[in-house]
Every structure is written in C-alpha cells, then in structure tokens.
Amino acid sequence: SSSFGMTETIFRDDIEKQTVGYQAGKADHPFAERFGDLAGKKVKTVGESMEEFVGGLDCTINPLYRSMLTDLVGTTHLTVVDSRFAYDKVWALGFITSMDVLLKNYPERDIAANIVDAFTKSMGFDEETLRADAGTVSTWAEGKNGEDVAAALRGEGDSEVAAIAKAAKVCVDNKIYCDI
C-alpha cells in the first residue's frame with residue numbers, strides 16, 4: 001500500500017467528519033439566515049443570458065460593438081443574478097443611461113433599439129419599466145444642483161432617491177445587501 005492511499009483516506013475521513021449533518025443554507029450565520037432559502041435554486045447562467053440576448057436580436061451586431069456588448073451582457077448578468085442585487089430606480093437610470101451613451105453612435109438606430117430591447121429582456125427586465133423608472137429619477141434631478149443630488153445620494157432628505165440611498169447605505173454598512 002502506498003503512502004498516497006493512506007493520506008487520501010485520512011483526508012477523506014477528515015472531510016466526512018467536518019461535513020456530517022451539513023445542509024446547504026442551514027448554517028447558524030446571518031448570511032445563511034438571509035440567503036439560505038436560495039440554496040439549491042436554479043440560477044440562470046451567463047451562457048443562458050447570452051443565448052437569450054442573441055436570440056432576441058433581429059440582426060447581427062456591428063463588429064465594433066460586439067465585444068463591448070458581450071462583456072456587458074456577462075457582467076450585467078452576474079450583477080442581476082447575485083442574491084444581494086436589489087433593483088431600484090437609480091440602477092435603472094444607470095442602465096438606461098449606459099445603453100443610450102454606449103449606443104449613441106451606432107450606425108443603424110433601429111438595430112441599436114433592438115439591441116437594448118434584447119439586452120433588457122435577456123436580463124429579465126422590461127425596457128418600458130426601466131425607462132419609466134429612470135425617467136422618474138431623471139425628472140427628480142432636474143433643476144437640482146450637484147450638492148442637492150449628492151445629499152440625496154448620501155441618504156439625506158425625504159426624496160425617493162434619498163430613500164434608495166439610505167437602504168443601500170444600510171446594506172453596505174452591514175456588508176449584506178438589503179431589499180428596498
């Protein structure tokens with residue numbers, strides 16, 4: 001018998017001792033208490049989101065934009081499927097503004113619109129809802145100076161933006177994101 005076989009047995013026995021009775025999501029810990037109900041649930045993969053995105057396109061993507069969009073679909077997917085992600089209207093404004101800026105000079109406007117539609121659907125969102133929520137925050141910001149917006153983003157005041165920021169701050173301070 002080799003010493004490798006004996007070492008393997010020792011490690012296997014040690015692992016078994018450490019995992020006896022283990023159940024995913026059932027630990028006595030705040031993280032498990034908050035997210036334990038998600039243990040074993042199916043999470044859409046990046047590949048599935050990419051497949052939905054490409055399947056929602058009516059055309060091919062201009063090669064100059066293809067890599068950027070592939071990266072955005074992947075990173076946005078990872079953000080959205082993270083159990084700590086909490087959608088809010090400020091996020092919607094960031095998403096819509098990013099799409100508008102990044103596709104501003106896309107050569108065919110109808111294809112750019114199709115890209116945004118396919119992208120939002122692949123992430124499980126409705127573009128009209130995103131645009132409406134983004135519009136709410138944008139309208140709120142009209143006529144405000146930088147300090148007014150900064151104060152709301154610090155959670156000061158009674159605006160909807162301040163409420164979103166307060167919820168996010170509590171979550172960041174606790175190192176666990178909260179629902180808004």
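The values are calculated or read from the model by the stated rules, or taken from the named source; none is laboratory data. Remember, it's a predicted structure, so these values are computed and weren't measured experimentally. Note that each Cβ is placed from the backbone with ideal geometry, even for glycine, and that neighbours are counted across all protein chains shown. The protein model used for the area step is the full one, side chains on, heavy atoms only, and it has no ligands, DNA or RNA in it. Shrake-Rupley method; radii C 1.70, N 1.55, O 1.52, S 1.80 Å.
Charges on Cβ only, +1 for Lys and Arg, -1 for Asp and Glu, centred on the Cα centroid of the chain; of L103, W91, A27, which one is farthest towards the dipole's positive end?
The residue sitting farthest along the positive end of the dipole is A27.
Using +1 at the Cβ of each Lys and Arg and -1 at the Cβ of each Asp and Glu in the chain, identify which of A113, M123, A167 lies farthest towards the dipole's positive end.
Going by the Cα projections, it comes out as A167.
Run the dipole for segment 118-170 about the Cα centre, Lys and Arg Cβ at +1, Asp and Glu Cβ at -1, nothing else charged, and hand back the magnitude in debye, nearest 20.
So the magnitude is around 220 debye.
Output the relative contact order of the chain, whole-number percent, from Cα pairs under 8 angstrom with separation of 6+ residues. If you can, show how the numbers build up before the last one.
Values: 139 pairs, mean separation 35.9, N = 180.
That works out to 20 percent.
On the accessible surface of segment 1-103, probed at 1.4 Å, how many percent belong to carbon and sulfur atoms? Please list the in-between numbers first.
Values: 4250 of 7220 Å².
Answer for segment 1-103 is 59 percent, counting heavy atoms of protein chains only.
According to the square roots a ≥ b ≥ c of the eigenvalues of the Cα gyration tensor, what is the shape class of segment 27-120, taking rounded for a/c under 1.5, prolate for a/b larger than b/c otherwise, and oblate for the remainder? Walk me through the intermediate numbers first.
Values: a/c = 3.33, a/b = 2.07, b/c = 1.61.
The shape class here is prolate.
Can you list the trypsin sites (Lys or Arg not before Pro) in segment 1-83 that are in a DSSP coil and have 16 or fewer other beta carbons within 10 angstrom? Please report the intermediate quantities before stating the final value.
Values: sites: R12, K17, K26, R34, K41, K42, K44, R66; in loops: K26, K41, K42, K44.
Those satisfying the criteria are K26, K41, K42, K44.
Nearest 20 debye, what's the magnitude of the dipole of segment 1-147 about its Cα centre given +1 on Lys and Arg Cβ and -1 on Asp and Glu Cβ? Walk me through the numbers before you get to the answer.
Numbers: 15 positive and 24 negative charges, 31 e Å.
Charge dipole, segment 1-147, about its Cα centre: 160 debye, nearest 20.
With every protein chain left in place, what is the accessible area per residue of segment 61-178 in square angstrom, probe 1.4 Å?
Details: 6530 Å² over 118 residues.
With all protein chains present, segment 61-178 gives 55 Å² per residue.
Picking from L57, L78, A134, whose Cα lies most toward the positive end of the charge dipole for the chain (charges on Cβ: Lys, Arg +1; Asp, Glu -1)?
Towards the positive end, the residue furthest out is L78.
With the cut-off at 1.5 for a/c, could you classify the chain from its C-alpha gyration tensor as rounded, prolate or oblate? Mind dumping the intermediate values first?
Details: a/c = 3.12, a/b = 1.49, b/c = 2.09.
Note, shape of the chain comes out oblate.
Rounded, prolate or oblate: which one fits segment 29-79, using the alpha carbon gyration tensor with axes a ≥ b ≥ c (rounded when a/c is under 1.5, else prolate when a/b beats b/c, else oblate)? Walk me through the intermediate numbers first.
Values: a/c = 5.63, a/b = 2.65, b/c = 2.13.
It is prolate, given that a/c is not under 1.5 and a/b is the larger ratio.
Pairs of lysines 8 or more apart, or on different chains, with alpha carbons under 26 Å: count those in the chain, would you?
23
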